[in-house]
Amino acid sequence: MKDDASVRDFRAETRAWLEQNCPPEMRLPIVEEERCWGGRKWTFHSDAQRLWLERMADRGWTAPTWPREYGGGGLSHAEAKILREEMDALNCRPPLERVSQALGLLGPTILAIGTDAQKARFLPPIARGETRWCQGYSEPNAGSDLASVRTRARDEGDHFVINGQKIWTSHAHLSDWMFALVRTGPDTPKHAGITFVLLDMDSPGVDVRPIELISGKSAFCETFLTDVKVPKENVLGEVNDGWNVSKILLSNERNSISTARNFMAERSIGLTALDRQREGPGHESDASLLDTSLRERIAAYEASAWAFSALSERAGDLAAAGESTAAHASVLKIHYARLNQLRTSLMLEIGGSDYFEWDAPVSDAARLWLRAKANSIEGGSTEIQLNILSKRVLGLPNL
Ligand SMILES: Cc1cc2nc3c(=O)[nH]c(=O)nc-3n(C[C@H](O)[C@H](O)[C@H](O)COP(=O)(O)OP(=O)(O)OC[C@H]3O[C@@H](n4cnc5c(N)ncnc54)[C@H](O)[C@@H]3O)c2cc1C
């Protein structure tokens with residue numbers, strides 16, 4: 001922004017608008033089930049949730065930095081940061097999940113390399129929360145080694161016909177569209193024969209089967225594709241250049257997994273431990289803060305969380321300046337996974353046996369601890385991120 005006065009004005013206007021337009025219910029702490037993912041199959045939890053999304057989307061603030069013509073707010077990176085800070089200060093919930101496949105991953109990729117027609121068609125419904133997307137990358141024999149995807153796309157002139165299977169497709173059963181990597185060049189080297197397509201989940205031949213987890217929930221699906229027609233105008237980037245498109249998107253994914261989470265906007269776990277101690281006798285955790293080792297580890301975590309916040313802010317600035325690299329995204333992703341796993345295990349230690357119940361009335365700490373295990377797998381495992389760093393930063397050879 002140009003000068004201090006315009007920063008102050010923008011901050012004051014933003015705060016006033018949020019105070020006037022964010023319904024009180026949308027300022028209460030959010031629970032997992034009430035996160036808003038949008039899409040045609042989405043059911044709003046309350047009128048307030050619907051209203052909040054509509055108001056923010058009308059203003060373009062669900063996708064603050066996207067151009068206005070594509071449903072965004074046209075804000076600069078600095079203005080978007082102020083908006084986030086003011087939303088945090090007033091406890092406003094995100095009206096739409098920022099780290100979703102649509103808003104966090106695909107949208108920025110379409111903005112970067114899509115045609116004008118693709119931007120006009122796909123971005124406004126994403127910004128308004130009208131379409132939900134899922135990610136069709138992994139296959140039974142292609143996870144870390146993603147370039148081994150086998151789902152085949154046969155060229156039929158103005159369209160492709162797709163056959164194959166995707167797995168671990170998060171929320172495919174709730175999604176309207178899928179972006180997928182498919183093999184278009186079976187005889188070329190494996191990285192060169194992949195194309196990135198946008199596929200309507202209502203197309204004939206799409207069969208989604210939710211995978212039931214031990215928790216009883218179904219966050220993942222197997223997605224079978226049998227003779228699914230995809231028009232060529234739904235290819236993002238060039239045919240056979242999908243590997244490069246996927247790298248842009250994976251960088252967006254790693255950035256958004258790690259930068260969407262502001263640990264410092266969350267309650268300090270040291271203070272949570274103190275509260276538990278003051279709750280009085282009857283809790284195993286009463287004595288937890290007498291443990292010097294635990295106190296030291298909480299302090300070390302809090303210091304790392306501050307450092308991570310500064311690092312992710314810097315990464316956001318670099319990305320806005322077009323200076324972000326795959327290595328930056330990998331560093332953030334590794335650090336985020338470790339920190340979140342540390343946070344959730346410390347929370348369990350503080351809570352003692354009170355927290356160690358699946359459906360504990362006092363806390364969802366056990367579920368969060370278990371969910372954090374996936375942080376070092378989803379979006380590319382920690383080992384794969386370390387491989388990227390060893391090659392790109394340290395210049396080490398492949399073994
Ligand atoms: C919560 C969650 C959500 C997900 N959502 C989606 C989704 O929406 N869409 C989608 O397409 N996929 C999704 N995935 C799948 C995810 O991308 C893969 O699980 C991940 O890429 C790892 O692949 P894999 O499971 O096949 O494991 P593998 O590739 O078989 O790896 C197994 C182990 O070997 C290690 N390993 C593999 N290769 C190497 C190597 N070269 N060097 C060192 N170690 C190695 C890995 O780090 C891992 O520990 C999701 C996964 C999770 C956990």
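Data overview
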| quantity | calculated |
| --- | --- |
| Matching residues, region 108-142, being small (Gly, Ala, Ser) and either more than 16 Å from the ligand (Cβ to nearest atom) or more than 22 Å from residue 243 (Cβ to Cβ) (or both) | 112, 114, 117, 120, 127, 129 |
| Which listed residue is charged (D, E, K, R) and either within 16 Å of the ligand (Cβ to nearest atom) or in contact with a helix residue (DSSP H, G or I) (Cβ under 8 Å, 6 or more places away or on another chain) (or both), from 302, 323 | 302 |
| Pair list, Cβ < 7 Å and 6+ apart or interchain, from region 53-81 residues that are farther than 20 Å from residue 316 by Cα to residues that are among the basic types (Lys, Arg) and at pLDDT 95 or above | 57/128; 70/119; 71/128 |
| Of all residues making up region 371-399, the number that are at negative phi and either of a type in the set (Ser, Thr, Tyr) or in contact (Cβ under 8 Å) with a residue 40 or more places away in the chain (or both) | 14 |
| Tabulated pairs, region 185-198, first within 22 Å of residue 114 (Cβ to Cβ), second part of a helix (DSSP H, G or I) and among the β-branched types (Val, Ile, Thr), C-beta under 6 angstrom, 6+ apart or interchain | 196/245 |
| Residue in region 148-155 that is more than 16 Å from the ligand (Cβ to nearest atom), surrounded by fewer than 20 Cβ atoms within 10 Å (Cβ to Cβ) and either within 22 Å of residue 208 (Cα to Cα) or not charged (D, E, K, R) (or both) present | yes |
| Check on residue 342, away from the ligand (no atom under 14 Å from the Cβ), part of a helix (DSSP H, G or I) and farther than 19 Å from residue 256 by Cα | yes |
| Count - residues of region 220-251 that are surrounded by 17 or more Cβ atoms within 10 Å (Cβ to Cβ), assigned to a loop (DSSP other than H, G, I, E, B) and out of contact with any Gly (no Cβ under 8 Å at 6 or more places or on another chain) | 3 |
| Positions within region 128-160 being touching a helix residue (DSSP H, G or I) at 6+ places or on another chain (Cβ under 6 Å) and in a helix (DSSP H, G or I), in sequence order | 147 |
| Selection status of residue 225, more than 11 Å from the ligand (Cβ to nearest atom), modelled with pLDDT of 95 or more, of a type outside the set (Gly, Ala, Ser) and over 19 Å from residue 250 (Cα atoms) | yes |
| Lone qualifier among 157, 164 - being small (Gly, Ala, Ser) and free of Cβ contacts under 8 Å to residues at least 24 places away in the same chain | 157 |
| Qualifying residue in region 356-363 (condition: assigned to a helix (DSSP H, G or I), crowded, with 16+ Cβ neighbours inside 10 Å and not basic (Lys, Arg)) | no |
| Near pairs, Cβ below 7 angstrom, 6+ apart or cross-chain, from region 302-319 (in contact (Cβ under 8 Å) with a residue 60 or more places away in the chain) to any residue that is surrounded by 16 or more Cβ atoms within 10 Å (Cβ to Cβ) | 315/255; 315/259; 315/324; 315/328; 315/332; 316/259; 319/255 |
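The rows are residues; the columns are (1) part of a loop (DSSP other than H, G, I, E, B); (2) closer than 26 Å to residue 165 by Cβ; (3) in the same structural domain as residue 224 (by TED's automatic domain parsing).
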position	(1), (2), (3)
64	yes, no, no
73	yes, no, no
78	no, no, no
82	no, no, no
88	no, no, no
105	no, yes, no
109	no, yes, no
121	no, no, no
125	no, no, no
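The values are calculated or read from the model by the stated rules, or taken from the named source; none is laboratory data. What you see is a predicted model, and the numbers here were worked out from it, not measured in a lab. Ideal geometry is used to build each Cβ from the backbone, glycine not excepted, and the neighbour counts take in all protein chains shown.
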